[in-house]
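Can you keep this structure in mind? I'll have questions shortly.
The values are calculated or read from the model by the stated rules, or taken from the named source; none is laboratory data. In this text, all values refer to a predicted model and were calculated from it rather than measured experimentally. As a convention, Cβ positions derive from the backbone with ideal geometry for all residues, glycine included, and neighbour counts pool all protein chains shown.
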Amino acid sequence: MNMMASKSFFVIAFTCLLTILLFPLHSHSHAVVKNSPLTYLKNLQGYRKGDQVNDIKYLKKYLQRFGYLSNHDKSSSSINYDDNDDFFDEKLESAIKTYQTNFNLNPTGFLDSETITLMSKPRCGVPDHDMIRSRMNNNSQFHSHYVFFNGNPKWPSNKTTLTWALKPGDPIDASEPIRKALVEWSKHTRFAYQRINDYGTADIKIGFYTGYHGDDGPFVGPGGGAYAHAFAPTYGQIHYNLNQTWVNGVVEGGVDLMTVGLHELGHVLGLAHSTIEAAIMWPYIGANSTKGLDADDVQGIHALYAS
């Protein structure tokens, strides 16, 4: 082999080796697809009580997680009832009717397109117990509006400053979206919001988590679909789901950090989920969208801290 051929062979071999080594890295960096844990729902449309349907057990887990179906009450007389089976039973129909009523849908207990479409959207991981309780307590006199947590928990009247901090080491910097969200709430509350570095002593602790992370709302599994969750006063914690695609503003396929921050801070201040779709405290938020405070949110926070 002459010198020219030897050099050509070396260049070609090196190029091939470089391509082999780099191609997987390049592919991996673009092939990470965050599939929704709720994809099973699209296969459930059109089913009703009495049907045996693959993946109905996952819908049961979804409804259990968000407060519509008990996973403790096994008193049903139906021999078919089991939280983990795929039989569409009477309890599931009742839970779906409650869900539909809560979200101003036709309460048929039937898995129609409107119900499946709403369930398929990402939502807050805080269960809807208080929405359900509010409707049941008011019965026919119920009017859609803001809802408080059971017992109306709120920050003490002598507290005028709430400190906040981000969990150290998180891979996403949510400081600016959170700051902007707090500015919006500060316009309608008595509180000043002060950022501090000491995460352990902050009134409001904000962090990103995956999977099981020490509370009752793991970011995992087909019963999931939650983008974040938070806690009522005075346990001021906000947990973002790290598996979501987080963005600032409207970005295709992303969920806006500030919009979710506004919602979760509402929980930290004492608001439960609203039955008004325009409200920031409505449990669902679509991808590729932003949202601000609604009159319902403002009326709710004023009513809570005026009492």
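Considering only region 94-109, how many residues are outside any loop (DSSP other than H, G, I, E, B) and within 18 Å of S120 (Cα to Cα)?
Let us first name the residues in region 94-109 that are outside any loop (DSSP other than H, G, I, E, B), namely 94-102.
Of the ones still in play, those that are also within 18 Å of S120 (Cα to Cα) are 95-102.
Residues meeting the conditions: 8.
Test Q64 against the stated conditions and say whether it is within 29 Å of T245 (Cα to Cα), modelled with pLDDT of 50 or more and in a loop (DSSP other than H, G, I, E, B).
Answer is no for this residue.
Using the structure shown, decide if T275 is crowded, with 21+ Cβ neighbours inside 10 Å, more than 12 Å from the chain's Cα centre (by Cα) and of a type in the set (V, I, T). Walk me through how you get there before you give the answer.
Numbers: crowded, with 21+ Cβ neighbours inside 10 Å: yes; more than 12 Å from the chain's Cα centre (by Cα): yes; of a type in the set (V, I, T): yes.
The answer is yes for T275.
Shifting gears a bit: Of the residues that sit in region 284-307 and are part of a loop (DSSP other than H, G, I, E, B) and out of contact with any helix residue (DSSP H, G or I) (no Cβ under 8 Å at 6 or more places or on another chain), which one is farthest from F66 (Cα to Cα)? Steps first, answer last, please.
Of all residues in region 284-307, those part of a loop (DSSP other than H, G, I, E, B) come to 285-294, 307.
When the remaining residues are screened for being out of contact with any helix residue (DSSP H, G or I) (no Cβ under 8 Å at 6 or more places or on another chain), the result is 286-288, 294, 307.
Values: G286: 18, A287: 20, N288: 24, D294: 23, S307: 28 Å.
Residue satisfying both the conditions and the ranking: S307.
Let me ask another. Got a number for residues in region 231-256 being under 15 Å from the mean Cα position of the chain (by Cα), closer than 30 Å to G151 by Cβ and buried (at least 21 other Cβ atoms within 10 Å of the Cβ)?
Residues that pass the stated criteria total 4.
Need a quick list: strands (runs of 3 or more DSSP E) entirely within region 149-230 having at least 1 residues that are modelled with pLDDT of 95 or more and either of a type in the set (D, E, K, R) or touching a Cys at 6+ places or on another chain (Cβ under 9 Å) (or both).
192-195, 204-209, 226-230
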